Amino acid sequence: MKEARFYTMTEAGVQCLLCPHHCRIQEGGRGICRSRECHDGKLWALSYGIPCALAIDPVEKKPLNRFLPGTYCLSLSCTGCNLSCRWCQNSDISQVAPEEAERTHLSPADAVDLCLRRGLPALAYTYTEPFTWWEYMYDIAVLAHGKGLKNILVSAGYVEKEPLREILPYLDAANIDIKALDDAFYRKYCGATLTPVLENILAMKAAGVHVEITSLLVTSLNDSADTVARLCQWMADNGLHDVPLHFSRYFPRYRMKEPGPTPAATLFAARETALSMGIRDVFLGNI
């Protein structure tokens, strides 16, 4: 364990300030992400240094199609997520506590050394929600930059401004998942809110981070032409025409066994809509 950042003490325990949930956690309790626990009046990052997944991936798998194309990166993940998407593709590691998943010990220095020994140009923080293991990601990212490596964030972007501001100087690229440009959708299906995600994308772009956006089109929920157009309009209104946009195909997972996979025709139609609205780079995933 490592003492967490971004919290305040309360009479009954602590209040976490890492993400907009602002979880109030009593002694012995954990936040929504399951990876931050109140113990002895302090907040502890339980998954620090114990990743549950390590892999060498093509950078295009993140997906990033316009950042270091054709290269591979060291992907790592710890358990935890501050969203609860009903269709989560990685629920076996994102929706569990650290002790409920297989894991290994890997210090930040060892992670960087592993990347260097494999001759990889970048590390990717991915598979779950990296902001829920912010301390581990931050320590690795600082060391990685000192060795000339790039840092890639794959995230839902649901984090408070201060934690994002602190790690921004060490982020080189990010793929952020926008569930739908609809706050009610976020609240009903993901247990979160939309505005912080949009604000954080704009903050990353303003800081010079290479940003790409993914939208998983869930059959009959957020795959309508109108929903796709709202997302593209927001991108256009904010000068994000050059930001690569990925539409990804949904498959039944986790708590959603129905409906079936997104029809391929729906994804092709979404791509045409985006291109017609001035989004210059549009890619389709999972098909």
Do we find a residue being under 22 Å from ASP242 (Cβ atoms), outside any helix (DSSP H, G or I) and either modelled with pLDDT of 95 or more or of a type in the set (Phe, Trp, Tyr) (or both) anywhere in region 164-172? yes
Wholly within region 31-116, which strands (runs of 3 or more DSSP E) include no fewer than the required count, namely at least 1 residues that are over 23 Å from ASN175 (Cβ atoms)? 36-39, 42-45
The conditions are (1) closer than 30 Å to ASN151 by Cα; (2) surrounded by 20 or more Cβ atoms within 10 Å (Cβ to Cβ), and TYR254 fails exactly one of them. Which is it? (2)
Can you find a residue in region 174-186 that is in contact (Cβ under 8 Å) with a residue 12 or more places away in the chain, part of a helix (DSSP H, G or I) and farther than 21 Å from VAL59 by Cα? yes
Identity of the residue in region 117-137, part of a helix (DSSP H, G or I) and without any contact (Cβ under 8 Å) to a residue 60 or more places away in the chain, that ends up surrounded by the fewest Cβ atoms within 10 Å (Cβ to Cβ): ARG117
Within region 210-239, the residues that are more than 22 Å from ALA184 (Cβ to Cβ) and surrounded by 20 or more Cβ atoms within 10 Å (Cβ to Cβ) are VAL211, GLU212
Restricting region 69-89 to residues that are surrounded by fewer than 19 Cβ atoms within 10 Å (Cβ to Cβ) and either under 14 Å from the mean Cα position of the chain (by Cα) or touching a residue at least 24 places away in the same chain (Cβ under 8 Å) (or both), which is nearest to PHE6 (Cα to Cα)? SER84
Kindly provide the set of residues from region 26-49 that are at positive phi, surrounded by 19 or more Cβ atoms within 10 Å (Cβ to Cβ) and out of contact with any Phe, Trp or Tyr (no Cβ under 9 Å at 6 or more places or on another chain), ordered by number. ARG34
Let me confirm something: among ILE140, ILE213, which residue is touching a helix residue (DSSP H, G or I) at 6+ places or on another chain (Cβ under 8 Å), within 26 Å of ALA109 (Cα to Cα) and either outside the structural domain of VAL59 (by TED's automatic domain parsing) or not basic (Lys, Arg) (or both)? ILE140
Flagged in region 170-216 as small (Gly, Ala, Ser) and within 19 Å of CYS33 (Cα to Cα), in numbering order, are GLY191, ALA192
ILE56 versus (1) surrounded by 15 or more Cβ atoms within 10 Å (Cβ to Cβ); (2) in contact with a strand residue (DSSP E or B) (Cβ under 7 Å, 6 or more places away or on another chain); (3) hydrophobic (A, V, I, L, M, F, W, C): which is the lone unmet condition? (1)
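The values are calculated or read from the model by the stated rules, or taken from the named source; none is laboratory data. Small disclaimer: the values here were computed from a predicted structure and weren't measured. All Cβ positions, glycine included, derive from the backbone under ideal geometry; neighbour counts span all protein chains shown.
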